[in-house]
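Colleague: Below is one structure. I have some questions about it.
The values are calculated or read from the model by the stated rules, or taken from the named source; none is laboratory data. Keep in mind the model is a prediction, meaning the values are calculated, not measured. Cβ sites come from the backbone with ideal geometry, for glycine too, and all protein chains shown count toward neighbours.
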Amino acid sequence: MTVLLVILYVLVCLFLVMVVLLQQGKGADLAGAFGGGGSQTSFGPRGTTNIMHRMTTGAFILFVLLCLTLTILSGKSRTSVMEDVPVAVPVESSESTEASEPALGAAVDEGEPAPVPEPAAEDGAADPEPAGDGG
């Protein structure tokens, strides 16, 4: 529903801009260019309203109502999309997991640490300690 209101709001905005730009201003005659307002003064007597004035008023009222409606709709609290995502809970060890095969790199027995391979010597010698009498 909000998408429909936004589309309608944009159309009303464009229509309002077009209607306002197509209207002739109050002092748009030749006397208005030189500072004379003629018979059309700002707060003076008003002539009959034409169709363009009525369309502008209607578009403005629709513009304000749509603006307020969209503001009210956007202010309501919404739920997050992350609320529906299941949370992964760690599984504690049980008899079913002990019977299964251990993962790669895991120790076979829980009491024993996994064997650590010794690093190979860089010069090609297998034993890093020199042979000798130790003294």
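Colleague: Any chance you could count how many residues in segment 5-40 are outside any loop (DSSP other than H, G, I, E, B), surrounded by 14 or more Cβ atoms within 10 Å (Cβ to Cβ) and at pLDDT below 60?
Modeller: 1
Colleague: Scan segment 68-81 for residues that are within 20 Å of residue 17 (Cβ to Cβ) and loosely packed, with under 13 Cβ neighbours inside 10 Å and report the count.
Modeller: Going through segment 68-81 one residue at a time, the tally reaches 1.
Colleague: Now for a different question. Taking interchain pairs and intrachain pairs at least six residues apart, which have beta carbon atoms under 8 angstrom, with the first residue in segment 48-73 and of a type in the set (S, T, N, Q) and the second in a helix (DSSP H, G or I) and surrounded by 12 or more Cβ atoms within 10 Å (Cβ to Cβ)?
Modeller: From segment 48-73, the pairs are 56/16; 56/19; 56/20; 69/5.
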